[in-house]
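Quick notes on the structure that follows.
The values are calculated or read from the model by the stated rules, or taken from the named source; none is laboratory data. Quantities reported herein were computed from a predicted structural model and do not represent experimental measurements. Neighbour counts run over all protein chains shown; Cβ positions are idealised from the backbone, glycine included. The area values use the complete protein model at the heavy-atom level, side chains included, leaving out ligands, DNA and RNA. Shrake-Rupley method; radii C 1.70, N 1.55, O 1.52, S 1.80 Å.
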Amino acid sequence: MKEKKKLTLATKIFIALILGIIVGMALTSHSDIAVSYIKPFGTIFLNLIKWIVTPLVFFSIMAGVISMRDIKKVGSVGIKTLVYYLCTTAFAITIGLILANLFKGIFPVLQTTDLAYEAAEPVKFMDTLVGIFPSNFFAPFVEANMLQIIVASLIIGFALLLVKQQKEIEFTMVDMLNDVFMKAMEMIVALSPIGVFCLICPVVAENGPAVLGSLAKVLLVAYLGYILHAIIVYSLAVKTAAGMSPVTFFKGMMPAIMFAFSSASSVGTLPINMECTEKLGASREVTSFVLPLGATINMDGTAIYQGVCSVFIASCFGITLTFPQMLTIVLTATLASIGTAGVPGAGMVMLAMVLSSVGLPVEGIALVAGVDRIFDMGRTTVNITGDASCAIIVSAMEKRKQKA
Ligand code: ASP
């Protein structure tokens, strides 16, 4: 008997995405059905992912540190990761600014009177720095604060490493727990086609094509930026630094890309991103450190969006940004992307910080807020692809170093 060919996860997610969009379009005039009966299943799925992500990151980083056997190696991976993240983000915001200036002419000029937007308290850099270090053992898990979880697991990982060397004992328990949480994650990830369908369908039903309206051109420029950045920067990076064909990279990343697009959450996409990058050959010790960090601090898509929106908002207010102002935007957007949480809508909140850094009216955010979800789906996709490219590159570099 011929064996039935099994669909891959990527194909299943793709089918779910298309079905979700079709059903969502069919439900545009009854969006309440999609919101009341389909969205909750998407929420259940996202909740499960959020639930598994904290122990997963905690144990996988710890297991990663123990397996590296050397504190210096953690440092070398850390530095490479930070340099890559900062440089690509600065590049991303530059692409966003250049494109927005090129296409400024086609942007609509929207009414700016009667605008109201309650900006959140701007986040100060020093506060972000202090906030990285936990003051309570359990709080990082309760609040799902990724950066604090990373710091806690690094400290305990190093402590285990030192105790292991002194007492010559193996901590097999950590590996076992890591395996258990990985298995649980795989079980949840297997449900992602259903999750993707239930997440995308209500978004399409609620937003319908009409909402794009006058902002369609601004969205188009942002998406052009997302695509150009991904194709130019990530293709070049994986090709030159890891010798990987960009086609292989993007093909292998498809499940994570589609998931990020539907969920608009980098942190939510983390488990599936780990699976994709490991299948593409990145080592677990690298992915377990580079990806959680990236999901929290590396936001290239968000940076592009902030560049495009700053220019658009400025032009609606009849303001032309000067070159020094643009440089300030590059700097603040890079910092803002570090402070942006990997959850839906976070990038829009940080746009307030970027706008105020160059004296643009923060109420301008109200102009783009209506379609934020559509900006967000694209920027999250770029965010997680950037993290994955870093994991592939750093892993390849570490492997080369080991061989040398
Ligand atoms: N939703 C994005 C993410 O999770 C963050 C943002 O809003 O820009 O990566």
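The table that follows gives values for the structure above.
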item: From 94, 89, residue being under 27 Å from the mean Cα position of the chain (by Cα), touching a residue at least 40 places away in the same chain (Cβ under 8 Å) and open to solvent by 30 Å² or more (accessible area, probe 1.4 Å); result: 94
item: Residues that are within 15 Å of the ligand (Cβ to nearest atom), in a helix (DSSP H, G or I) and farther than 18 Å from residue 295 by Cβ, drawn from region 367-404; result: 368, 369, 372, 373, 374, 375
item: Pick from region 342-366, criterion of a type in the set (A, V, I, L, M), assigned to a helix (DSSP H, G or I) and open to solvent by less than 20 Å² (accessible area, probe 1.4 Å), ranking: farthest from the ligand (Cβ to nearest atom); result: 355
item: Positions within region 187-236 being of a type in the set (Phe, Trp, Tyr) and at pLDDT 95 or above, in sequence order; result: 223, 226, 234
item: Members of region 38-53 that are at pLDDT below 90, in contact with a helix residue (DSSP H, G or I) (Cβ under 6 Å, 6 or more places away or on another chain) and open to solvent by 90 Å² or more (accessible area, probe 1.4 Å); result: none
item: Criterion (hydroxyl-bearing (Ser, Thr, Tyr) and within 22 Å of residue 131 (Cα to Cα)) met by exactly one of 322, 385, 332, 381; result: 332
item: Helices (runs of 4 or more DSSP H) contained in region 253-340 and holding at least 3 residues more than 16 Å from the ligand (Cβ to nearest atom), open to solvent by 10 Å² or more (accessible area, probe 1.4 Å) and farther than 21 Å from residue 105 by Cα; result: 266-279, 284-297, 323-339
item: Qualifying residue in region 59-66 (condition: under 18 Å from residue 188 (Cβ atoms) and buried (at least 19 other Cβ atoms within 10 Å of the Cβ)); result: yes
item: Residue, farthest from residue 153 (Cα to Cα), within region 288-318, restricted to residues that are modelled with pLDDT under 90 and β-branched (Val, Ile, Thr); result: 297
item: Hey, residue 372 charged (D, E, K, R), closer than 25 Å to residue 267 by Cβ and either at pLDDT 90 or above or buried (at least 24 other Cβ atoms within 10 Å of the Cβ) (or both) or not; result: no
item: Of all residues making up region 348-371, the number that are touching a Phe, Trp or Tyr at 6+ places or on another chain (Cβ under 6 Å) and closer than 17 Å to residue 304 by Cβ; result: 1
item: Residue check for residue 35: in contact with a Phe, Trp or Tyr (Cβ under 9 Å, 6 or more places away or on another chain), open to solvent by 30 Å² or more (accessible area, probe 1.4 Å) and part of a helix (DSSP H, G or I); result: no
item: Residue within region 302-318 that is within 14 Å of the chain's Cα centre (by Cα) and either free of Cβ contacts under 8 Å to residues at least 40 places away in the same chain or within 30 Å of residue 60 (Cα to Cα) (or both) present; result: yes
